[in-house]
Amino acid sequence: MPQRPPQLVTRRAVDADLETLFSIRFAVRENRLESRASLPDALVLEALAEGGGLLAEAEGRAVGFTIARPAPPQIWALFVLPDMEGCGIGSALLLRALAWLRAQGAGSAVLTTGPGTRAAGFYQAHGWRETGRTPRGELRLVLDLCRADLAG
């Protein structure tokens with residue numbers, strides 16, 4: 001397991017980062033995209049335009065990203081390169097995305113993920129609770145942003 005990156009920098013993800021986001025998305029171990037056609041560029045660019053996209057870099061290398069969407073308040077994407085898992089990057093990105101949602105006036109946030117996945121355990125360890133399943137069988141998780149500790 002890698003050590004915590006010496007310097008993690010997060011910045012707003014912009015349209016010019018699209019290829020980088022997809023390269024991270026294709027590299028992950030869980031919830032991998034099989035084809036770029038299944039996630040249209042226009043949909044990702046629309047989400048980035050809302051302002052809740054963050055790119056994490058360590059030593060000048062893109063290592064993860066998240067996209068929060070304000071309506072409805074949700075964590076739409078959060079992915080970290082496999083060789084950087086366990087370094088706190090996902091937690092750092094999640095806290096920043098949740099703080100952004102709270103700054104947008106959100107009282108709670110939702111997300112969906114596969115049952116029994118590492119991602120489900122990650123979110124539940126961060127205080128998310130299951131509220132049901134989607135028609136596709138994914139877990140629907142919610143977090144009360146008014147009670148969440150977003151100090152990191």
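The values are calculated or read from the model by the stated rules, or taken from the named source; none is laboratory data. Keep in mind that what you see is a predicted model, and the values were worked out from it rather than measured. Every residue, glycine as well, gets a Cβ built from its backbone with ideal geometry; the counts of neighbours run over all protein chains shown. Ligands, DNA and RNA are stripped out before the accessible areas are found, and what is left, the full protein with its side chains, is counted by its heavy atoms. Shrake-Rupley method; radii C 1.70, N 1.55, O 1.52, S 1.80 Å.
Name the residue, out of L141, L98, that is touching a Leu at 6+ places or on another chain (Cβ under 6 Å), among the aliphatic types (A, V, I, L, M), under 22 Å from L48 (Cβ atoms) and in contact (Cβ under 8 Å) with a residue 12 or more places away in the chain.
When all the criteria are applied, what remains is L98.
How many residues, within region 48-63, are out of contact with any Phe, Trp or Tyr (no Cβ under 6 Å at 6 or more places or on another chain) and open to solvent by less than 50 Å² (accessible area, probe 1.4 Å)?
Counting residues in region 48-63 that are out of contact with any Phe, Trp or Tyr (no Cβ under 6 Å at 6 or more places or on another chain) and open to solvent by less than 50 Å² (accessible area, probe 1.4 Å) gives 9.
Against the condition within 24 Å of T117 (Cβ to Cβ), open to solvent by less than 70 Å² (accessible area, probe 1.4 Å), hydroxyl-bearing (S, T, Y) and at pLDDT below 90, how does S23 come out, does it pass?
So S23 does not fit the description; no.
For a quick check of your reading: which strands (runs of 3 or more DSSP E) sit entirely within region 39-84 and have at least 3 residues that are under 16 Å from Q7 (Cα atoms)? Write out each step before concluding.
Working: elements: 53-58, 61-70, 73-80.
In region 39-84, the matching strands (runs of 3 or more DSSP E) lie at 53-58, 61-70.
Does V9 meet the test of being hydrophobic (A, V, I, L, M, F, W, C), farther than 16 Å from A119 by Cα, open to solvent by 40 Å² or more (accessible area, probe 1.4 Å) and not in a helix (DSSP H, G or I)?
In short, yes.
Does G90 meet the test of being part of a loop (DSSP other than H, G, I, E, B), of a type in the set (G, A, S) and open to solvent by less than 60 Å² (accessible area, probe 1.4 Å)?
No: the conditions fail for G90.
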